[in-house]
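Beneath this line is the structure, given in C-alpha cells, with notes to follow.
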Amino acid sequence: MREQELIVYRQLGEEELLKDMVWLMENQHQSYQDQGTLRVLCSKCIHRLLEMAGHYGFYGNLWHCYLTNLLVNNENSYSISCEIRGSVEGSINQAVLHDITIIKEFFSYDLSRLRRLLGGDGFYLVEDYRTSSQESRVYSRLVRDRICTLAENLKESRSEEEMKETLTTFYGKYGVGRFGLHKAFRVEQSQTGTAIVPIRNIAHVYLDDLIGYEIPKKKLITNTEAFVQGRKANNCLLFGDAGTGKSSSIKAIANQYYEEGLRIIEIYKHQFQALNEVIAQIKNRNYKFIIYMDDLSFEDFEIEYKYLKAVIEGGLEKKPDNVLIYATSNRRHLVREKFSDKEDRRDDLHTSDTVQEKLSLVARFGVTIYFGAPDKREFEQIVSTLAKRYGVRMQEERLLAEANKWELAHGGLSGRCAKQFIDYLLGIQEEPKKGDLPEDEA
C-alpha cells in the first residue's frame, strides 16, 4: 500500500478514502469472482467523492481536488517552513521529494481504465464534475477556486521536482492549513484544551461600503496597513455610539487585508483566561493576527479585564510582533464607573489608585477611534446612498420623510437604523414587471 510509505506527509495515509482508492488501483486486475467486491468499493468511493464535491464546492477532476485538498491542509514541518520562508534548504527536501513521487502516482491513476474494467459509469462524473451554483460550505469561492486550479497544475507537472516546486510556491504564497485557507476564526474551549476554529461564513463587507466616517476609517486603515506591512502598529479601540459601524469596520478589514496575510480571531470576555494559549498557537505562524473583542466592557465587579491587561502589556512574556488586539465598545473607558463610586472613595485611602486601576486598561490601546452617531443631515445622506446602492424605487422627498419616521420608532439616528430601514423597503418592494422597466433595461 503506497500510502503507507509516505514520510513527511504521513498523515495522508490515514485517510480512508485515499486507502480505498489506492487499494482499488492496486487490485483492479483481480480474478473475475472478486469483481463484485471491487464494484461495491468503487461505488462507495464515487459516493464519497461526490459528497466531497457538494461539501467543498469542488469541480473538475474530483480525485485530483481531493488529493490537493489534503496537501494544502497538511501542516507538517515542511509545509509550515515553506509558509514562513518559502523554499527551504536541507535534507527535508529529499524526504518531501520521496513523498511527492508517491503522490504523483496517485495523481496519475487512470480512472478510465478502472471504469472500463468495472463498468463504473460514475467515474465519468468524478473525472469532469460540474458544480452547481451552490457555494462551498467550507471555503470562500476564492479559496475553492485556488484549490481547483492547484489541482490542475499539480496534474500537469511533468516531473516530481516540478510538482514539488508548484506545491512549495503555493505554501509560500497562500500558506497551509486552516490559517492559510480561512480569514476569520473563533475560540472554542473544551476539556481537551483551547481550539481556534474557522468561521465558515463572514459578511462580505468592505470599508467603502460604510458611508461616511472617513476620518475614523482612515485611522483604522493606517494602523492596520502598518501592521500587515511589518511596521510598528498599536492595539486599537473603536468606541462610540451603538450602530455606527464599529463591528462592521472590523469585518471590513478582515476582508480587505486577507490577501496580505491578515487573520482575525474573535474571542469573548469569558475566554480571556485562554488568551495566552491562543497566542501560543499563532505566534510562530507567517500571518498577522488581530485578536478581536466585540462590544467590550466590564462591570465594576468583573475582573476579567485584568487578564487582558496582562496580555496586552505588563506580563513578562513579550506580545508577539504578529499579534494585535482590536476591540469595539460603546464605553470610552471600558470599565463601568458610577456616581456611587465617589461615595465609596471616601473610605478609600488611595482614591487615585482606584481610578488608575479602572483607566489603565484603555490606556493600553495605543489607538482609540471614535464613531459618533450621525446628525440628521448625515443620516439622510446614508439613507439616500444606500437606497441608490440597493435599487430602492422611491422619490427622494418621500424616502427621507419615511426614513425620519422610521428612526423615531427604531432606535434613533445611526447607520444601523438606516440599513434596517432600507432592508424594510426592499422587503416590501415588489419586483418590477418587464413592461415597467425603461427600454434600455428591459
Do we have Phe272 as modelled with pLDDT under 90, in contact with a strand residue (DSSP E or B) (Cβ under 6 Å, 6 or more places away or on another chain), closer than 19 Å to Cys236 by Cα and open to solvent by less than 20 Å² (accessible area, probe 1.4 Å) here?
no
The lone condition Met52 fails out of (1) out of contact with any Cys (no Cβ under 8 Å at 6 or more places or on another chain); (2) at pLDDT 90 or above is (1)
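What residue, among those in the stretch 227-252 that are part of a helix (DSSP H, G or I) and open to solvent by less than 10 Å² (accessible area, probe 1.4 Å), is nearest to Asp294 (Cα to Cα)? Show your work before the answer.
Taking the stretch 227-252 as the starting set, the residues that turn out to be part of a helix (DSSP H, G or I) are 227-228, 246-252.
Those still in the list that are open to solvent by less than 10 Å² (accessible area, probe 1.4 Å) too: 227, 249-250, 252.
Values: Phe227: 20, Ser249: 11, Ile250: 9, Ala252: 14 Å.
The residue in question is Ile250.
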Name the single residue, out of those in the stretch 34-90 being of a type in the set (Asp, Glu) and assigned to a helix (DSSP H, G or I), that is most open to solvent (accessible area, probe 1.4 Å).
Glu51
Glu188 - would you say it is open to solvent by 40 Å² or more (accessible area, probe 1.4 Å) and more than 20 Å from the chain's Cα centre (by Cα)?
no
Since Ala195 meets every condition but one in (1) under 30 Å from Ala274 (Cα atoms); (2) of a type in the set (A, V, I, L, M, F, W, C); (3) in contact (Cβ under 8 Å) with a residue 12 or more places away in the chain, which condition does it not meet?
(3)
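When you scan the stretch 154-165, how many residues do you find that are of a type outside the set (Lys, Arg) and surrounded by fewer than 16 Cβ atoms within 10 Å (Cβ to Cβ)?
Number of matching residues: 5.
The values are calculated or read from the model by the stated rules, or taken from the named source; none is laboratory data. Since this is a predicted model, take the numbers as computed values, not measurements. So basically every Cβ, Gly included, is an ideal-geometry build from the backbone, and we count neighbours across all protein chains shown. Areas reflect the complete protein model, heavy atoms only, side chains present, ligands, DNA and RNA absent. Shrake-Rupley method; radii C 1.70, N 1.55, O 1.52, S 1.80 Å.
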